[in-house]
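The values are calculated or read from the model by the stated rules, or taken from the named source; none is laboratory data. Here the structure is a predicted model, which is why all the values come from computation and not from measurement. In this analysis, Cβ positions are derived from the backbone assuming ideal geometry, glycine residues included, and neighbour counts consider all displayed protein chains.
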Amino acid sequence: MTHRFRTALIGTSWWAVGAHLPGLQSRPDVELAALAGRDPARLAEVAGRFHVPRTFTDYSRLLAEVQPEVVVIATPNHLHAPMTLAALEAGAHVICEKPLALEAAEAEQMLARAEALGRRHLTFFSYRGMPAPRYLKTLIAGGYLGRLHHVQAQYLHASWLDARRPASWKTRLAEGGSGVLGDLGAHVFDLLQWWFGPATRAAGSLQTFVPERPGADGRPVRVETDDAAAGLLEFAGGGQATFQLSRVAPGRRNYQRLEMYGSGGVLVYEYDQPWAHVARLWGAEAGQLDLQPLALPAEWTAGFEGPDTFPAVYRALTDPFFASLAEAGAAPPAPSFADGLAAQRVIEAVARSALSGRLEPV
């Protein structure tokens, strides 16, 4: 019989409810034992909906009383480091949302402590669980592009376009660390470094097009974080990437487009479905002038049928993590805290460049 890992989730946000709770409950090797959140009414409603037996408004009490084997952290960014460190010290393996921390120094501490204690760790980069990015990884590794020349990357939302949307922790530097740069940029920087290796230098520009939003009392407060970012990355293995990130792009729900050009060919990835695996791929070899649609092979899409495939994405992303828990001395599978740290270093380099006006080392 499959061992069921006693698991606790910290966080009751829309993402915790829409992604983590269904994903965890879809895993036969998970016993969802406890849930923590700061709002008692919200906590009770979510726990009742998902049949979670124990709830806590104090995550320290959860760790002490439940003693979970796995802790999933889906909270505002400034809480990632202290909650992760507490969970590691309490004996748990940790899955933490992206961006991993407020800054690289925190992410380094999280990684170092997890390694010192022998805990497994995973940064929740959800797109690594989706079929199209995984298939692209194999094409790129197999030499489809040849030597990388350049990438054009876009990740665009309209989610903060309405100036009436209230301020939140995502609009405050002390709690978010950055705006769209860390929120959407973390995904882009992770995919690029997963596919093409580490970035070495970065340049960036940050903008805030909606400078004020309603505060808790309805009066306007200043937005401290960026809602648009653009920039350049250079890779250790050669090649460069430009990127455009926005949460104020009209008509865009969750739009991603990455065009990748190399000595041997071109690949294009386009995606605009928040919950399904549906993505569009095109490719061409060097010398061909017309891009051709690339179909995802059936073995890559098996289990992802239907309008809501996120539980399948969740399992694909977390399968190696949970499998590693049964193997003494196994290395933490990717995307680990090391991958989260790598993305965090790019985020910091872009932010430094926006202030200095220079290319910055990653």
**Message:** Can you tell me how many residues within region 286-312 are within 24 Å of the chain's Cα centre (by Cα) and either under 16 Å from PRO22 (Cα atoms) or not polar (S, T, N, Q) (or both)?
**Reply:** 13
**Asked** Going by the conditions given, is VAL268 within 22 Å of GLY176 (Cβ to Cβ) and surrounded by 12 or more Cβ atoms within 10 Å (Cβ to Cβ)?
**Response** no
**Request:** Please work out which residue is nearest to VAL180 (Cα to Cα), limiting yourself to region 115-153 and to residues that are assigned to a strand (DSSP E or B) and out of contact with any Cys (no Cβ under 8 Å at 6 or more places or on another chain).
**Result:** ALA153
**Prompt:** Name the pairs: first residue in region 154-168 and part of a loop (DSSP other than H, G, I, E, B), second residue crowded, with 16+ Cβ neighbours inside 10 Å and aromatic (Phe, Trp, Tyr), Cβ to Cβ under 8 Å, at least 6 apart or on different chains?
**Reply:** HIS157/TYR255
**Request:** Consider GLY251 carefully, then state whether it is surrounded by fewer than 16 Cβ atoms within 10 Å (Cβ to Cβ) and under 24 Å from PHE337 (Cβ atoms).
**Result:** no
**Message:** Let me spell it out: the conditions are (1) part of a loop (DSSP other than H, G, I, E, B); (2) without any contact (Cβ under 8 Å) to a residue 24 or more places away in the chain; (3) farther than 22 Å from SER159 by Cα; (4) not charged (D, E, K, R), and GLY238 meets all of them except one. Which number is the exception?
**Reply:** (2)
**Message:** Out of everything in region 68-85 that is under 17 Å from GLY37 (Cβ atoms) and of a type in the set (A, V, I, L, M, F, W, C), what residue ends up being surrounded by the fewest Cβ atoms within 10 Å (Cβ to Cβ)?
**Reply:** LEU79
**Fill in**
Picked from region 195-241 (must be aromatic (Phe, Trp, Tyr) and within 19 Å of TYR261 (Cα to Cα)), the residue farthest from the chain's Cα centre (by Cα) is PHE235
**Fill in**
Taking region 277-315 and keeping only residues that are small (Gly, Ala, Ser) and buried (at least 19 other Cβ atoms within 10 Å of the Cβ), one is left with ALA279, GLY283, ALA312
**Message:** Suppose we filter ARG27, ARG54 for residues that are within 19 Å of TYR314 (Cα to Cα), touching a residue at least 12 places away in the same chain (Cβ under 8 Å) and of a type outside the set (Val, Ile, Thr); which single one remains?
**Reply:** ARG27
**Prompt:** For region 40-62, how many residues are more than 19 Å from ARG4 (Cβ to Cβ) and either surrounded by 23 or more Cβ atoms within 10 Å (Cβ to Cβ) or in contact with a Ser or Thr (Cβ under 7 Å, 6 or more places away or on another chain) (or both)?
**Reply:** 6
**Message:** Against the condition modelled with pLDDT of 95 or more, crowded, with 23+ Cβ neighbours inside 10 Å, more than 17 Å from the chain's Cα centre (by Cα) and not in a helix (DSSP H, G or I), how does LEU35 come out, does it pass?
**Reply:** yes
**Asked** Of the residues that make up region 77-86, is at least one over 18 Å from TRP169 (Cβ atoms) and in contact with a Lys or Arg (Cβ under 8 Å, 6 or more places away or on another chain)?
**Response** yes
**Message:** I'd like to know if region 42-55 contains one or more residues that are modelled with pLDDT of 95 or more, farther than 23 Å from LYS98 by Cα and assigned to a strand (DSSP E or B).
**Reply:** yes
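Residues checked against (1) in a helix (DSSP H, G or I); (2) in the same structural domain as GLY197 (by TED's automatic domain parsing); (3) aromatic (Phe, Trp, Tyr); (4) over 28 Å from PRO22 (Cα atoms):
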{"site": "ALA249", "(1), (2), (3), (4)": "no, yes, no, yes"}
{"site": "ARG253", "(1), (2), (3), (4)": "no, yes, no, no"}
{"site": "LEU258", "(1), (2), (3), (4)": "no, yes, no, yes"}
{"site": "VAL266", "(1), (2), (3), (4)": "no, yes, no, yes"}
{"site": "GLN273", "(1), (2), (3), (4)": "no, yes, no, no"}
{"site": "ALA284", "(1), (2), (3), (4)": "no, yes, no, yes"}
{"site": "SER353", "(1), (2), (3), (4)": "yes, yes, no, yes"}
